[in-house]
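Structure first, then comments.
What follows is calculated from the coordinates using simple rules that are stated; it is not laboratory data. As the structure is a prediction and not an experimental result, all values here were calculated from the model. As a convention, Cβ positions derive from the backbone with ideal geometry for all residues, glycine included, and neighbour counts pool all protein chains shown.
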Amino acid sequence: MDLRCLIVAIEPDGLEMRVLSDRRDGPNRETLSCQREVRTLARRGLQRTLEVVADGDVEMIGSSGFTMREDSPFLLSVSNNDQAAKGA
């Protein structure tokens, strides 16, 4: 299972996460095994995001809103930068 998109929304009652993944084979989505895989993907995605933000490699690609602002940062991963530097 590969993480394709991780959406995090901070709600008054807690944190809402949407984990979009690409999986060809694996456990049924209602099993405990699938829940563990999704938790692992979310955790890895959050850890990777925090590492990239900590390194300061963030490019703003858009913003919108008037009274409530929505900014869209694009986070360049450390591994992607290394591959680009190597010409991969």
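Going 7 Å from the Cα of residue 61 along its beta-carbon direction, which residues of the range 1-43 have the amide nitrogen within less than 17 Å of the resulting point? Under 17 Å, as judged by backbone N against the label point of residue 61, lie 3-8, 20 of the range 1-43. With both labels modelled 7 Å from their Cα along Cα-to-Cβ, the residue 31 to residue 2 distance reads 2.2 nm.
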